[in-house]
1. What translational D, rounded to a whole number of µm²/s, comes out for region A:87-148 from Stokes-Einstein when the hydrodynamic radius is the Kirkwood one over Cα pairs, at 25 °C and 0.890 mPa s?
2. Using DSSP H assignments, which helices in chain C have an axial alpha-carbon span of 20 Å or above and a mean Kyte-Doolittle hydropathy of -0.5 or higher?
3. Grab the Cα-Cα distance for C:T185 and C:W240, subtract it from 0.36 nm times how many residues apart they are, and report the gain in nm with one decimal.
4. What is the spread of the Cα atoms of chain D along each of their three principal axes, largest first, in whole Å?
5. When the scattering of region C:27-234 is computed by the Debye formula from its Cα atoms alone, each counted once and equally, what is log10 I(q)/I(0) at q = 0.09 Å⁻¹?
6. Expressed as an acute angle from 0 to 90° and rounded to the nearest 10, what is the orientation of the C-alpha long axis of helix A:108-117 relative to the principal long axis of chain A?
7. Per residue of A:42-53, what is the mean number of Cβ atoms on other protein chains within 10 angstrom of that residue's Cβ?
8. Set the Förster radius R0 to 25 Å, insert the Cβ-Cβ distance between A:H81 and A:A164 as r into 1/(1 + (r/R0)^6), and round the FRET efficiency to 0.05.
Amino acid sequence: MLEASNLECVRGERRLFTDLNFRLAGGEMLHLQGSNGSGKTSLLRMLCALTPAASGEIFWRGRAIAKLGEEFRSELCYLGHQNAIKEELTPLENLLSSAELAQETLAEDAAFDALAMVGLRGREDLACRYLSQGQKRRAALARLVNEKRALWVLDEPYVALDAAAVELVASLIGAHLQAGGLAVLTTHQAVAVPAGAVRELWLGDADARQRSQ
Amino acid sequence: MHWNSFGEFLAMGDHGLYVWGSLVVMALLLVVEPMLLLRGRRTLVTRLKRQFRAERAELENRRSTPAPQRVSTPHRSQV
Amino acid sequence: MTERVINWFKYASPQTFYPLAGRLIPWFWALAALFGAAGLTIGFLLAPTDAQQGEGYRIIFLHVPASWLSMFIYLVMAFWAGIGLAFNIRLSGMMASALAPTGALFAFLSLWTGALWGKPMWGTWWVWDARLTSELILLFLYIGFIALQAAIDDPRRADKAGAILALVGVVNIPIIYFSVKWWNTLHQGASVSLTKAPSMAAMMLWGMLLCALGCWMYSIAIALMRVRTIMLERERHTDWVRSLLDDKG
Amino acid sequence: MLTLLRAVIGRDLRLAMRRQADIVAAMFFFIIVVSLFPLGVGPEPDQLRRMAPGVLWVAALLATMLSLPRLFADDHRDGTLEQLALAPQPLGLIVLGKVIAHWLVAGLPLVVLAPVLGVQFDLAADALGVLVLSLLIGTPALSGIGAIGAALTLGVRGGGVLLSLLVLPLYIPVLIFGAGAVDATVSGLGPQAHLSLLGALALGGVFFAPWPTAAALRVALE
């Protein structure tokens, strides 16, 4: 369903990668790995059509995402490096408004349950300013609980989370894959996803791969 | 020729200051702009040449002494 | 037909455009000098005195071309910017950046010569005349464009942001000009207009046209020179720049 | 479409309400700038009356400029802007919502304050009415045009100063017609022509400006 052909990434004066190809079907996850600055985040942003590739193309359901536009975006859930959490709003408001902006219907009860699931019970009505780094990340990840869109693009989803939360997120991804969804994610942590097939893709020089294996 | 004498030409019927003020400033700026450009270009070219020379020297140096190479070339990734 | 398209894209690549521009520049300089000399000869040596404005009117041989060019260059800049944005051609973004400083220079010269013309004619250096005011705003727009591009480090992003600004500016220029003119007629009526010299003789018109042509050729020559420098700077990591500069020395 | 617009406006208004200090600061800036002029040029009522439209309008431009840099900067910093850009709706529509919210928060208070400040300048009742009307029609254009500048200078060094450099020249027509409407009333001519031109500018500013703004935001996110 998701296919990249001959992608090239140039950042400033450096060519981060060229001739990058992969193909991802429903129920599969792509685990991007590589050292810092190897272009992982850049690749994720290309997959979201935020950054244009220097050359090469990305296809979704056989059509180029650059031309699909909104049709593609309605099937895409992106969780970036930043949490997209408003400090002034409560976790509940954040969750509801992000669903609203994505044109999804999310009942308040479902939102409460989602927040409880990521361990924010009792903090639903506290401004996010007062939450810890990990709690903010949880508030952001609560979006995934009711997320039905087919393609998840997650940038370091496990960062700043404790072991229990990491397991929870992994299980969410697993359920998503089991339902036939796709996921592309970057992480430095070795986390097993309970279901679905995992493909790995290394970015950067080959030495780094050997060294870290 | 419209003018009878050079002095008359310079005076411009009492408006000499304004007319020549316009012409001189315009001519000056139109000459200064390409000169600045040429200078900027020269500094850029010498800088780039120096850089290329240094890089080539480094490359040859590395070839003559087989040290542990770490040339980070873009890697072909395939899944 | 296809051949012609390919040809065009060939010249749109910096690698082929660079030497081409280098060959063209001397010709444009020669034309600029020729037209400029002819225009100035007519304007300053041959043209008769203006009955109403005296000899001071000769400033319009400088002022009008500068004003024309400042507006024309903005249009050309916006044109290149739009092309660059629509077709993602590197060269057009570079052309837009190469034109901006020259456009700003002409806008400044237009203001300068306008002020020097205004002193003997109107008795003051500056009059809030519709044309002068619009010219001042045009200078602001140029400065905004240059400042925006200078503030963005990534040249590709600078090109795109500048292109959007130039297009917004080009839509706004007529609105600004119209509003300033409207404002001007409400507040005062300028007695002598800067461009409508009464009973413009054919010779004056020729002088002005030749001067404008000279300025035009000058702008092309300068823009080509500047775009070559921009190309070297931006493409310094490519092989063609490397071989170009490495071979020579 | 309307639900999305409402969602964006609602969210931005709620955020603004949680941060009222910013709104109040911009309003006080407007009041102080306007109040400084009589101290600078002297208290003669005739002169003040003549100056009032221009002073109030220039102060309104400056007060709007004050709140513009944050229009997208906060969303950019915390990653919300990426989410907005990835929403399954045209980004221009979302920008339109944000522009409307910005006007409600930054433009409308100026309209409300204007009559009080106009009284300081000894404006007659009809002139006060036209002043309020001209600000009501004109300030949306300020928010719309300003959004372009805010998007272009997003994440750029020295963004705030650059923003004024880009946006203030584009504000000139709004200033001319806005202040001109009040001037025309004071001098006995009708303000209709000015106001309808101002209305055209506002429509253009609010409905066309979001599209270049959206393009500029996409460039900033690359």
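We did not get these values from a lab; they are worked out from the coordinates using the rules stated. None of these values were measured; they are calculated from a predicted model. Ideal geometry is used to build each Cβ from the backbone, glycine not excepted, and the neighbour counts take in all protein chains shown.
1. Calculated translational D: 219 µm²/s.
2. The answer, listed by residue number, is C:14-40, C:60-87, C:90-122, C:130-151, C:155-187, C:202-234.
3. The C:T185-C:W240 span can extend by a further 14.1 nm.
4. 55, 32, 29
5. With one equal scatterer per Cα and no solvent, log10 I(q)/I(0) is -0.39.
6. Once rounded, one gets 70 degrees.
7. 2
8. Approximately 0.65, to the nearest 0.05.
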